[in-house]
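Have a look at the structure below, then the notes.
The values are calculated or read from the model by the stated rules, or taken from the named source; none is laboratory data. Since the structure is predicted, the reported quantities are computational estimates derived from the model, not experimental observations. Backbone-built Cβ (ideal geometry, glycine too); neighbour counts: all protein chains shown. Note: areas computed on protein heavy atoms with side chains; ligands, DNA, RNA excluded. Shrake-Rupley method; radii C 1.70, N 1.55, O 1.52, S 1.80 Å.
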Amino acid sequence: MVKLTTVENTPRKVYYKETQQANKEKLLAKYGQKKKLPHGYELAALVALSHFPELTYVAIDFKFKQSDTTLSARPRLLSVLVPGRLRKYEVMISKRTRTSKEPVMLKNLDFNMQVGVIGHELAHIADYVRKTPAQVIRYSIMYMFESFRKKIENRTDRLTIKRGLGYQILAYARLVEKLKKDYPQEKYYQDYNNIYLSASEIESRMARLQIYQGAD
């Protein structure tokens, strides 16, 4: 068995790139199978993947795209009709967005938050893996409705927390709360808590989970 200082599902208050760099080759050997990792963010992706061991043999391609959505995850269109673990999935990373959203682009987040937001997208994929083709199609249609999107993103945040990445998405939620004041005209920040869990909600859920008691 490959021994890692990053333990599956064990929360850490902060992930430091310099510390995790020593683990990179071991993380790559254990979690890098069938993955096309994002150039420049390989380590953050591997650390996030270590919290989702059920995705070890699932094909995931991290891609860069010019998109207003900073990150998103989905099955590849042509693989939707095959069983969940046999599908190919994509995590799309925005290369450019409007100026007011620049602060939350992956390249502008610290390493700890990068692990968290990638982990959130992996939680989406973990959810997709359990769905039948019919459920995936229904999901894709229903996601266009805000009430359904809120339900899904709340559930995805909860799964991310359960998998030990609560501190990381908490740091991101706090950043958004700050940016909400700095950019009062930016819809993404103003609407964030209508879709995702707020910092206080994340803290509340972490407080109820045993895995966060005594986290280092």
(request) Could you sort 85-93, 147-155, 115-123, 26-34 so that the peptide with the highest average Cβ count within 10 Å comes first and the rest follow in order? (result) 115-123, 85-93, 26-34, 147-155
(message) Here is the link list: LYS88/LYS162; LYS13/LYS34; LYS36/LYS187; LYS63/LYS88; LYS150/LYS187; LYS17/LYS150. Which ones come out longer than 22 Å on Cα distance?
(response) LYS88/LYS162; LYS13/LYS34; LYS36/LYS187; LYS17/LYS150
(request) Would you kindly derive the ³J(HN,Hα) couplings of segment 181-186 from the backbone phi angles with the Karplus curve 6.51 cos²θ - 1.76 cosθ + 1.60 (θ = phi - 60°), listing them in order in whole Hz, with x for Gly and Pro? (result) 7, 6, 10, x, 8, 7
(message) Ignoring ligands, DNA and RNA, please state the percent of accessible area on the chain from carbon and sulfur, probe 1.4 Å.
(response) 54
(request) Kindly rank 194-206, 37-49, 176-188, 159-171 from highest to lowest mean number of other beta carbons found within 10 Å of each residue. (result) 159-171, 37-49, 194-206, 176-188
(request) About the Cα centre of segment 123-216, how large is the charge dipole given +1 on each Lys and Arg Cβ and -1 on each Asp and Glu Cβ? Please answer in debye to the nearest 20. (result) 340
(message) Apply the Karplus curve 6.51 cos²θ - 1.76 cosθ + 1.60, θ = phi - 60°, to the phi angles in segment 104-115 and return the couplings in whole Hz, x for Gly and Pro.
(response) 9, 5, 3, 5, 9, 8, 6, 4, 4, 6, 4, 4
(message) Run lengths n ≥ 4 of DSSP H only: what is the helix-derived mean residue ellipticity at 222 nm for the chain, with -39500 (n - 2.57) per run over all residues, to the nearest 500?
(response) -14000 deg cm²/dmol
(request) At 1.4 Å probe size, with every protein chain present, just tell me what the per residue accessible area of the chain comes to in Å². (result) 52
(message) Going Cα to Cα from LYS181, which lysines come in below 19 Å? Please leave out same-chain ones fewer than 8 positions away.
(response) LYS101
(message) I need to check one value: relative contact order of the chain, counting alpha carbon pairs closer than 8 Å and at least 6 residues apart, in percent.
(response) 22
(request) Report the calculated FRET efficiency for PHE145 and LEU77 (r = Cβ-Cβ distance, R0 = 22 Å), to the nearest 0.05. (result) 0.60
(message) I need the shape label for segment 1-120. Rule: rounded when a/c is under 1.5, else prolate if a/b > b/c, else oblate, with a, b, c from the alpha carbon gyration tensor.
(response) oblate
(message) Please list 3J(HN,Hα) in residue order for segment 208-216, calculated via the Karplus relation 6.51 cos²θ - 1.76 cosθ + 1.60 where θ = phi - 60°; whole Hz, with x for glycine and proline.
(response) 8, 9, 4, 5, 8, 7, x, 4, 8
(message) Classify the chain from the C-alpha gyration tensor, please: rounded if a/c falls under 1.5, else prolate or oblate depending on whether a/b exceeds b/c.
(response) rounded
